[in-house]
Amino acid sequence: AFAVSVVSEGAEDETELSVLQKSEKSRTISKIGRDLKGIVFVIQSQSNSFHSKRAEDLKRDILKQAVDLGKELPTVLLIHQIDRHEGAWTILPLMRDFSVTYGRNSSWIFFCEEDTRIQVTKLLEILRRFDKSKEWFLGKALYDEESTIIHHYAFAENPTVFKFPDFAAGWVLSIPLVNKLAKKLKSEPLKSDFTIDLKHEIALYIWQKGEGPHLTPVPEFCTDDVNLYKADHCATTFSNFLPLCGEPVNKEDVFVAVKTCRKFHGDRIPVVKQTWEGEAALIEYYSDYADISIPTIDLGVPNTDRGHCGKTFAILERFLNHTSPRTPWLVVVDDDTLISIFRLRKLLSCYDPTEPVFLGERYGYGLGTGGYSYITGGGGMVFSRAAVQKLLASKCRCYSMDAPDDMVLGMCFSGLGIPITHSPLFHQARPMDYPKDYLSHQIPVSFHKHWNIDPVKVYFTWLAPNTEESRNGKKVGYNREDL
């Protein structure tokens with residue numbers, strides 16, 4: 001009887017413990033649910049079919065994690081579906097909408113790219129460390145080693161002191177800061193004509209010449225590959241180096257047009273021939289002078305000191321009328337662009353050439369005030385044949401022969417309702433013009449400019465096919481730190 005009594009009492013203790021544990025677990029789940037409801041997830045998505053699918057996949061993953069944690073589902077927004085602003089991708093024009101819609105019932109707005117991977121429970125743990133009633137700007141900090149034109153020389157004397165977020169790791173604004181930005185934007189509209197380096201420009205706007213918060217670095221916001229052991233502590237990781245969606249497109253599917261002029265035949269064209277020309281099956285050099293030794297083709301368009309709109313539109317006409325209709329892709333580059341056609345062929349496996357695709361590094365002009373986005377020319381402009389057909393079938397043309405070709409193209413495609421498709425793997429500047437951490441989770445497709453560098457060395461260090469193994473930090477007989 002005594003033994004039975006002991007067992008019975010033990011069973012009751014276990015039952016009480018189990019009830020307590022379940023109750024505690026229920027309270028925890030309820031709290032997680034409330035905390036999760038307080039986060040608005042904003043995916044920096046794009047309308048191109050490849051990118052929108054990736055963004056939808058991430059949205060589903062976030063919502064699935066939420067379902068597993070409790071009943072309260074967070075709000076998940078896709079930037080490209082917020083169509084009230086042409087410049088929605090620049091984020092700041094959306095602050096007033098965010099404030100009106102979420103300013104009362106939410107605590108945080110979490111921004112990320114389509115390839116950011118999120119551990120929702122870890123993200124919640126991190127956000128609990130910060131007082132949601134205060135102004136917070138959180139993320140993984142990047143900084144410039146030296147000032148370059150893309151960063152507007154805001155901190156030219158000591159650029160390392162100014163931190164800005166790596167979008168790939170995710171970044172966060174508290175609602176009090178969103179409300180403050182919305183109020184400021186109402187009274188003082190955005191003044192900058194150009195959007196060039198968004199992550200830096202957003203941080204600069206939030207900082208407000210010292211009156212607003214600096215970026216607070218969060219070590220758990222990571223850009224490590226999700227599969228690396230050292231990513232265990234991370235709330236966010238970044239899954240993508242260079243997309244590959246099947247077999248790379250064939251060499252013969254990519255036609256490369258190099259813009260040059262007589263004064264650069266002797267110094268720039270030899271660099272192209274020593275580096276990436278051999279990767280291209282179809283390549284032509286367009287100049288203001290027919291030089292049989294290269295050879296170059298004179299399109300009958302005089303060279304201009306600035307914008308090359310006339311020349312570029314002549315190239316588009318030639319591609320459409322004098323190349324095989326079975327060639328789906330056109331790449332237009334400057335003679336001082338360093339590009340990996342090998343990697344570009346992999347990237348293009350993700351895009352449908354029957355869609356009008358205009359791909360490269362995206363800039364903006366006059367966004368928020370009726371402007372447009374455009375692909376900056378130096379990093380390379382990639383067109384599907386369908387995009388060229390739609391463009392040339394329209395009435396949109398250069399307003400002058402020396403107009404900036406990339407901006408005119410952006411204006412034309414915007415008018416046609418054809419979206420600009422951004423890839424961070426194209427670069428308007430040199431490798432040393434970017435933070436090392438920013439390039440560490442990329443396998444870049446292009447860089448631009450020969451200024452104060454050995455362009456051949458830069459190509460073989462960063463872009464040549466045999467540097468592919470450099471992802472995950474393996475050495476392959478070169479050292480990027482030397483550049």
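The values are calculated or read from the model by the stated rules, or taken from the named source; none is laboratory data. Everything numeric in this text was worked out from a predicted model, so none of it was measured. Here Cβ is always computed from backbone atoms with ideal geometry, including for glycine, and neighbour counts include all displayed protein chains. We work out accessible area using only protein heavy atoms, side chains counted, and drop any ligands, DNA or RNA first. Shrake-Rupley method; radii C 1.70, N 1.55, O 1.52, S 1.80 Å.
Between Phe130 and Asp97, what is the label-point separation in nm under the 7 Å Cα-to-beta-carbon projection?
Reported label-point gap for Asp97 and Phe130 is 2.3 nm.
Tell me, which cysteines of the chain are without a disulfide-compatible partner by the Cβ under 4.7 Å rule?
Flagged as lacking a Cys partner: Cys112, Cys261.
Among the aspartates and glutamates, which fall within straight-line cross-link reach of Lys395, defined as a Cα-Cα distance under 19 Å, with same-chain neighbours fewer than 8 residues apart omitted?
Those aspartates and glutamates meeting the cut-off are Glu317, Asp405, Asp406.
So what's the net charge close to Glu114: Lys and Arg +1, Asp and Glu -1, counting the other residues with Cβ under 13 Å from its Cβ? Walk me through the numbers before you get to the answer.
Values: positive: Lys53, Arg54, Lys59, Arg60, Arg117; negative: Glu56, Asp57, Asp61, Glu113, Asp115.
Charge balance in the 13 Å sphere: 0.
Grab every C-alpha pair in the range 216-308, bin the distances at 5 angstrom width from 0 up to the longest one, and report whole percents.
Computed distribution, short to long bins: 2, 11, 15, 13, 10, 7, 7, 9, 10, 8, 5, 2, 0.
What is the local net charge at Thr75, summed over the other residues whose Cβ is closer than 12 Å to its Cβ (Lys, Arg +1; Asp, Glu -1)?
Values: positive: Lys37, Lys59; negative: Glu72.
My count for the surroundings of Thr75 gives +1.
Divide, for the range 354-431, the radius of gyration over alpha carbons by 2.2 N^0.38 Å, where N is the residue count. Write down the numbers at each step before the final one.
Values: Rg = 12.2 Å, N = 78, 2.2 N^0.38 = 11.5 Å.
So the Cα radius of gyration is 1.06 times the expected 2.2 N^0.38 Å.
Which value, in Å², gives the accessible area per residue of the chain when a 1.4 Å probe is used on the protein heavy atoms? Mind showing how you got there, number by number?
On the way: 22200 Å² over 483 residues.
Accessible area per residue, the chain: 46 Å².
Net charge near Phe319, counting Lys/Arg +1 and Asp/Glu -1 over other residues with Cβ under 15 Å of its Cβ?
Details: positive: Lys259, Lys311, Arg318, Arg326, Arg385, Lys390; negative: Glu252, Asp253, Glu284, Glu317, Asp405.
Its environment carries a net charge of +1.
Which whole-number percent is the relative contact order of the chain (Cα, under 8 Å, 6+ apart)? If you can, show how the numbers build up before the last one.
Values: 901 pairs, mean separation 64.9, N = 483.
Reported as a whole number, the value is 13 percent.
Placing +1 on the Cβ of each Lys and Arg and -1 on the Cβ of each Asp and Glu in the chain, which of Val445, His51, Asn227 has its Cα farthest towards the positive end of the resulting dipole?
With unit charges placed on the Cβ atoms, the residue in question is His51.
For the range 203-349, give the magnitude of the charge dipole about the Cα centre (Cβ charges: +1 Lys/Arg, -1 Asp/Glu; no others), in debye to the nearest 20. Don't skip to the end; give the middle numbers.
Details: 15 positive and 20 negative charges, 46 e Å.
The calculated dipole for the range 203-349 is roughly 220 debye.
Distance cut-off 21 Å, Cα to Cα: go down the list Lys59/Lys163; Lys53/Lys163; Lys184/Lys209; Lys251/Lys436; Lys132/Lys180 and report the pairs above it. Walk me through the numbers on the way to the answer.
Values: Lys59/Lys163 28 Å; Lys53/Lys163 32 Å; Lys184/Lys209 14 Å; Lys251/Lys436 31 Å; Lys132/Lys180 14 Å.
Cα-Cα > 21 Å for Lys59/Lys163; Lys53/Lys163; Lys251/Lys436; rest within.
Just how far, in whole angstrom, is the range 376-429 from the range 272-333 if you go by their alpha carbon centroids?
16
How large, in percent, is the carbon and sulfur part of the accessible surface of the chain at a probe radius of 1.4 Å? The partial results should precede the final answer.
Numbers: 11530 of 22200 Å².
About 52 percent, which is the carbon plus sulfur part of the accessible surface.
Could you order peptides 164-174, 338-348, 401-411 by the average number of other Cβ atoms within 10 Å of their residues, highest first?
Numbers: 164-174: 25.8, 338-348: 24.3, 401-411: 20.7.
Result, highest mean first: 164-174, 338-348, 401-411.
Multiply the residue separation of Ser293 and Glu277 by 0.36 nm, subtract the distance between their alpha-carbon atoms, and state the gained length in nm to one decimal. Display every interim value, and only then the final one.
Details: separation 16, 0.36 × 16 = 5.76 nm, distance 1.49 nm.
Length gained between Ser293 and Glu277: 4.3 nm.
In the chain, what percentage of the DSSP-assigned beta bridges are antiparallel, given to the nearest 5? Write out the running numbers ahead of the final one.
Numbers: 27 of 55 bridges.
Close to 50 percent.
Cα-based Rg (one decimal) and Dmax (whole number) for the chain, in Å?
Looking at the chain, its Cα Rg and Dmax stand at 25.8, 109 Å.
Take each uninterrupted DSSP H stretch in the chain, measure its Cα extent along the helix axis, and return the ones at 20 Å or beyond whose mean Kyte-Doolittle hydropathy is at least -1.0.
On the way: long enough: 2-37 (52 Å, -0.44); 49-69 (30 Å, -0.79).
Flagged H segments are 2-37, 49-69.
Would you mind putting 270-278, 425-433, 320-328, 367-375 in packing order, based on average other-beta-carbon counts within 10 Å, highest first? Mind dumping the intermediate values first?
Values: 270-278: 17.3, 425-433: 21.8, 320-328: 12.8, 367-375: 20.0.
Ranked from most to least packed, the peptides come out as 425-433, 367-375, 270-278, 320-328.
Can you give the extra length, in nm with one decimal, that the chain gains between Arg104 and Val456 once fully stretched, where that is 0.36 nm per residue apart less the Cα-Cα distance?
Numbers: separation 352, 0.36 × 352 = 126.72 nm, distance 5.56 nm.
Stretched fully, the Arg104-Val456 segment lengthens by 121.2 nm.
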